[in-house]
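What follows is calculated from the coordinates using simple rules that are stated; it is not laboratory data. The shown structure was predicted, so the numbers you read here are calculated from the model rather than taken from an experiment. Neighbour counts are summed over all protein chains in view; Cβ atoms, including those assigned to glycine, are modelled from backbone coordinates with ideal geometry.
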Amino acid sequence: MRLYALCDQDLLDKKGLSLEDFVEIAKQKNAEIIQYRNKNADIAFIKQQLIKIRKMYDGFLIVNDAYELIEFCDGVHVGQEDLKAIDNDIFKAVKILRNVINKEKLLGISTHNKEEVLQANLMDLNYIGLGAYRDTSTKDNISAILGEKLDDIASLSKHYVAAIGGVKEGDKFSHITYHVIGSGLL
C-alpha cells in the first residue's frame, strides 16, 4: 500500500492535534504524499502551513484548491466543484490550471463515478482521486458511496488513482496507486 496522507486543518483542530503531530505520524507511516486541505482559512494562513510542512517533510506536498500557492508545494488537487468555479467547462478549467501551475507540478482532481474518470482520461493530469469508497466524517454531502465498485472504476483510468473517502490502511485494491487516509491516520 502506498500512502497519501490528507491533512485536513478542521480535523486537526477538532482533535486538538498540531500540524507537527500530523506530519510526524505521516512520516512514521511512510506517507509518500501529504495534501494540506483548509477550506476555511485565508491564503496567508495556508501559505504559512505549507511552509511549516515543507520544513518537516521531504515527500510530495500537495495543496487543496489554493493553486495560487503552487510555488510552496509540489502540486495542487481540486474537486469537481472547484474546477467549475474556475470555468464551467471542466476541460478548459484543467487547461487553465495546468498553465498556472506548469508541467513540472502535479495536478490531481477528484472523481466520483465512471463518467468523471473517463472525462479525466482526456485531461492533462498526474492523478485522480476516486471515491468515496465508504462513508467518511471528514466530507459532507457525499453523493455516492462506490464501495467494491471503486476498484473496477479505477481500472478505467489512464492516470494514477488515489482511493478517497473512508479508506483504511488495510483496504485492498488491484487498480489503486495510493490510499488517501486522513482521519484514519490519526
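Net charge in the neighbourhood of D124 (other residues with Cβ under 15 Å of its Cβ; Lys, Arg +1, Asp, Glu -1) is +3.
Loop-resident GluC sites (Glu not before Pro) (DSSP state other than H, G, I, E or B) in the stretch 31-138 with no more than 13 further Cβ atoms inside 10 Å of their Cβ: E32, E104.
Multiplying the residue separation of N102 and L186 by 0.36 nm and removing their Cα-Cα distance gives an extension gain of 26.9 nm. Distant-in-sequence amide contacts of L6, defined by a placed amide H-H separation under 5 Å and a gap of 5 or more residues or a different chain, comprise Q35, I181, G182. Applying a DSSP loop filter and a limit of 15 other Cβ atoms within 10 Å to the trypsin sites (Lys or Arg not before Pro) in the stretch 1-87 leaves R2, K29, K39. In this structure the amide hydrogen of Y160, modeled in the peptide plane, comes within under 5 Å of the amide hydrogens of I128, none closer than 5 places in sequence on its chain. Couplings 3J(HN,Hα) for the stretch 103-120, derived from phi with the Karplus relation 6.51 cos²θ - 1.76 cosθ + 1.60 (θ = phi - 60°), are 5, 6, 9, 7, 9, x, 10, 7, 10, 10, 7, 4, 4, 5, 5, 5, 5, 4 Hz, where x marks Gly and Pro. Once label points are set 7 Å from the Cα along Cα→Cβ at both E169 and D135, what is their separation, rounded to one decimal in nm? Those two pseudo-labels are separated by 2.5 nm.
A DSSP coil position with no more than 14 other Cβ atoms inside 10 Å describes the following trypsin sites (Lys or Arg not before Pro) in the stretch 99-186: K103, K158, K168, K172.
Between R2 and S18, the contour length at 0.36 nm per residue exceeds the Cα-Cα span by 3.4 nm. Amide H contacts of A66 (H built 1.01 Å from N, in plane; Pro and chain starts excluded): no residue 5 or more places away or on another chain comes under 5 Å. Mean sequence separation of contacting Cα pairs (under 8 Å, at least six apart), scaled by the length of the chain, corresponds to a relative contact order of 20 percent.
Using θ = phi - 60° in the Karplus curve 6.51 cos²θ - 1.76 cosθ + 1.60, the 3J(HN,Hα) couplings for the stretch 90-101 round to 5, 5, 5, 4, 5, 4, 4, 4, 4, 5, 6, 8 Hz; x is entered for Gly and Pro.
Each helix, a run of at least 4 DSSP H residues, gives -39500 (n - 2.57); summed and divided by the residues of the chain, these come to -9500 deg cm²/dmol at 222 nm. 3J(HN,Hα) along the stretch 29-46, derived from phi through the Karplus expression 6.51 cos²θ - 1.76 cosθ + 1.60 where θ = phi - 60°, amounts to 8, 6, 4, 7, 9, 10, 9, 9, 10, 8, 7, 10, 8, 7, 4, 5, 5, 4 Hz, with x in place of Gly and Pro.
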